Each structure stands twice: as structure tokens, then as C-alpha cells.
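One structure is given here, and the rest of the page talks about it.
Where a number appears in this text, it was derived from the coordinates with a stated rule and is not lab data. Computed from a prediction, not measured in an experiment: that's the story for all the values here. Every residue, glycine among them, receives a Cβ derived from its backbone with ideal geometry; neighbour counts consider all protein chains shown.
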Amino acid sequence: MTRHLYLLRHAKSSRDDPSIPDHERPLSKRGEKAAAAIRHLMRSKGLVPDLVLVSNARRTLDTLKFLRPWEKAPMVDATEALYLASAAQMLKLLRKVDASVHRILLIGHNPGLQELALLLVGTDAKAAEGKLARRLAEAYPTGALAEFAVSVPWSQIGEGSGQLTRFVTPRELIAPG
């Protein structure tokens, strides 16, 4: 059985008020627009999670807010463990997910999210993944969404266990102007 993992970097956050701690930064107007565009993409492509693993930082929770509502509400686990987590920390959380869950949306931060995505692709990227994997390796901008097909149980997810099937940035979805 194929499982699906959606890795979403939080949308662009505001840095207008330097007195706001990093953990509490809200989305910028650009970030709100980007999150809405990702929501539309997810709906149009039928990318609906069973479980959302999300950092408890305000910008990731705000990103999640813009993705809702879903026709069938997923379970949501907002956790401090994903705040600025490394790829290894994210893998540890993913490996604990129950086998009955088929589709996970993980909303997190860079650089860990990009490192996790590259780790899942592995060193032997398939020819069909080549272009997507190269784009992902170059940059994982705010609001970008990577989709992986995962053929192993969550408990065994690791290097090379994901097939990158989609990598989309907000810039590709939002018309200029």
C-alpha cells in the first residue's frame, strides 16, 4: 500500500515588528496569499491528509489555518518537537505514526524540511524525479509543497524511501501583479 507524505514549509512570515520573538511571528500578507494558493492546489488535486503534524510556532499554525476546512477533518498534532526540527527529529516523529494513517501533512521549517525531503529522495533519484529533486535541492521557499509516495510503513521511513511526485512553490501558483 502506498502512503502519501506532504511536506509544506510554512508560508512567508512577517518581520515587521522586531520585538516579536521568532516563535510568535505571524504570516505576512504575501504569506496569507501563498497559503490560500496552496489550499486551492491541495483541493484541486485531492491532497487531503488523515493526519497533520505541525510545529507549534505561530507561522506554521497560521499556515494550517489557511488550509482549512477540509471535507473530512484530519487529526492535528501541533508540537514543539517540530519547531526548527532537524530532518532526523522529523523522521523520528514520522516513524511513530500509526500504520492506519495513509496521508500525512507535515508543516515545518527550513533547513530541516528541505533536508528531510532530500533524504527521502535519496542518492539514487529516479529519472522521473530528477528535475523535481534538483529544484528541491536548489531551494525550498516558504509556502512550497513537496509530495512523496511512500511504499514502506511509517515505522521504516528513511533515506530513499520516498518517491517525489510533486514540488510546487507559491510563485508558480500566484499570477504576478
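Of note:
- Point-charge dipole on Cβ atoms (K/R +1, D/E -1) for segment 1-126, about Cα centre, debye to 20: 440
- Mean Cβ neighbour count within 10 Å, used as a protection proxy, ranking 40-50, 70-80 highest first: 40-50, 70-80
- Among HIS10, HIS23, ALA37 - extreme Cα towards positive end, dipole of segment 1-80, charges at beta-carbon: ALA37
- The ranking of ILE157, ILE107, ILE20 from fewest to most other beta carbons within 10 Å of each one's beta carbon is ILE20, ILE157, ILE107.
- The residues neighbouring ASP16, those whose beta-carbon lies less than 11 Å from its own, together hold a net charge of +2 under the Lys/Arg +1, Asp/Glu -1 convention.
- Pairs of alpha carbons in segment 36-161 separated by more than 25 Å make up 20% of all such pairs.
- Non-local lysine pairs in segment 25-95, meaning eight or more places apart or on different chains, with alpha-carbon distances under 26 Å, amount to 8.
- Pairwise Cα inverse-distance average, inverted: Kirkwood Rh of segment 25-98 (Å): 13.2
- Distance between segment 136-177 and segment 1-49 - C-alpha centres, whole angstrom: 13
- Each helix, a run of at least 4 DSSP H residues, gives -39500 (n - 2.57); summed and divided by the residues of the chain, these come to -9500 deg cm²/dmol at 222 nm.
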